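Peer 1: What follows is a structure written as structure tokens; I'll ask about it next.
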Ligand SMILES: [Cu+2]
């Protein structure tokens, strides 16, 4: 009998196991992408209902959010039309869903005022539209960002339904010339409700949803992860091939603890910030797993294995705390061998590395906190410094433009909360009063339950001026009050 190569056996066994679940195997492909032309990227985006009854972004009549690609200095112009039905279809977290919507450009260093990244005054009710013009500053760091809907009280349901897309600021090869010409894979990880129908058992089996709880959470898991809308797709990579993966955790309220089995991630950026920009002497991080809170982004080089068994991209169970929601482990994608690397004819157009003076923030790190954010919760809601968000509230804090400020985040509850502040990156340098090894600049940081995180907020950019917000990025908590205003002045 002819011998069958081990790789073929593994692939066959794998295909058979998928055939048993009755679901088609999908090869992962990048979302459609739009590039700026003449320094302007102009598009019309709709919010509407899919055939399955989910809220979704629609572009060119399809429920598929394009990846928006711009360079520093470009303008993003979006006409955003709310075509959601006017009837009150669903119950949102704090009342019937009004089906209002708007856009947030998560992580971008842009103005928080209309018509830029304004989630407070810009809101479209069904039948209304919004006109965004977002100026990307000439000195904007290159990296992976994302856009999503942000109506207070309805964010959770709309983002869970899938109203999100990727946004790339070009030029990361100016920090990492080795990325030029590598095949690029955009991975948008979203949550999907598994429901209670016969399909739910299929979904649970397909992703091998872990039945073992790893924290105090007692509820039954009710969500799985999808990648670019597919349940457990395949990602092709040839042995030894290097690919550039750009992954966003676009789930409404689930953490990812990512691992590529038997492999490491060569991390070049987190939350859109190239590590080399602030830490050129230690410009990559080799990690065998990466904790990514909701809204976090990972940009890393991965290399196809030469070993026989292709690995899987998995998320491990995350202990979200005694009061936390279940966050079980599961398979996100299968890595399958490809016979040869994709030929990349793209000429390696290298960008010039921007001038940037590495900051010395040691004095501010040692200074007492200039502001403390305390997360608490009870059976009536979720709070920052004892208050629930109100649209007509005064700013909880004012920050002087041009400053760097030590803030302390205190989590006085029994579950995890990720802090996000709009438009601003911060250096997370201590957790539970202990210095973090190799600290990173982020725009969303996990705060351990019963613990603290110390950060240096970068309020230095004069573009960031006006009223904005900071909040927990578990969007069910944000909807139930865990958000507050900040005035950059
Ligand atoms: Cu929270």
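Peer 1: Would you calculate the separation in nanometres between label points at residue 291 and residue 196, each defined as 7 Å from the Cα along the Cα-to-beta-carbon direction?
Peer 2: That separation, rounded to one decimal, is 3.4 nm.
Peer 1: Here is a further query. Tell me, how many Å apart are the Cα centres for the stretch 422-486 and for the stretch 219-292?
Peer 2: Centre-to-centre (Cα) distance: 21 Å.
Peer 1: Hey, fewest Cβ within 10 Å first, where do 208, 400, 480 land in order? Provide the component values of the computation, followed by the final result.
Peer 2: Working: 208 14, 400 10, 480 22.
Least crowded to most crowded, the residues run 400, 208, 480.
Peer 1: Follow-up question, since we're still on this one. Any chance you could check the Cα centroid distance between the stretch 46-115 and the stretch 133-193 for me, in angstrom?
Peer 2: 14
Peer 1: Can you give the helix-only mean residue ellipticity at 222 nm for the chain, where every DSSP H stretch with n ≥ 4 adds -39500 (n - 2.57) and the sum goes over all residues, rounded to the nearest 500 deg cm²/dmol? Working shown, then result.
Peer 2: Numbers: 6 runs with 46 residues, N = 489.
After summing the helix terms and dividing by the residues of the chain, the value is -2500 deg cm²/dmol.
Peer 1: Pairs of Cα atoms under 8 Å, at least six residues apart: use those to get the relative contact order of the chain, whole percent.
Peer 2: Rounded, it is 15 percent for the chain.
Peer 1: How far apart, in nanometres, would the label points at residue 131 and residue 91 be if each is projected 7 angstrom from Cα along the Cα-to-Cβ direction?
Peer 2: Once both label points are built, they end up 4.1 nm from each other.
Peer 1: Would you kindly compute the Cα radius of gyration of the stretch 175-338 and its largest Cα-Cα separation (Dmax), both in Å?
Peer 2: 16.3, 54
Peer 1: Which number do you get for Rg(Cα) / (2.2 N^0.38 Å) in the stretch 33-170?
Peer 2: The value comes to 1.02.
Peer 1: Continuing with the same structure: Output needed for the stretch 358-489: three equivalent-ellipsoid semi-axes, defined as square roots of 5 times the C-alpha gyration tensor eigenvalues, in descending order, whole Å.
Peer 2: The equivalent ellipsoid of the stretch 358-489 has semi-axes of 23, 19, 11 Å.
Peer 1: Arrange 303, 86, 149 by Cβ neighbour counts within 10 Å, fewest through most, would you?
Peer 2: Neighbour counts put them in this order, fewest first: 86, 303, 149.
Peer 1: In 10 Å bins starting at 0, how do the alpha-carbon pair distances of the chain split up by percent?
Peer 2: Taking all Cα pairs of the chain, the binned fractions are 4, 20, 31, 28, 14, 3, 0, 0 percent.
Every read-out reported here was derived from the displayed coordinates using simple, explicitly stated rules and does not represent laboratory data. Fair warning: this is a prediction, and the values are worked out from it, not measured in the lab. Quick reminder, even Gly has a Cβ in these numbers, built from the backbone with ideal geometry, and neighbours come from all protein chains shown.
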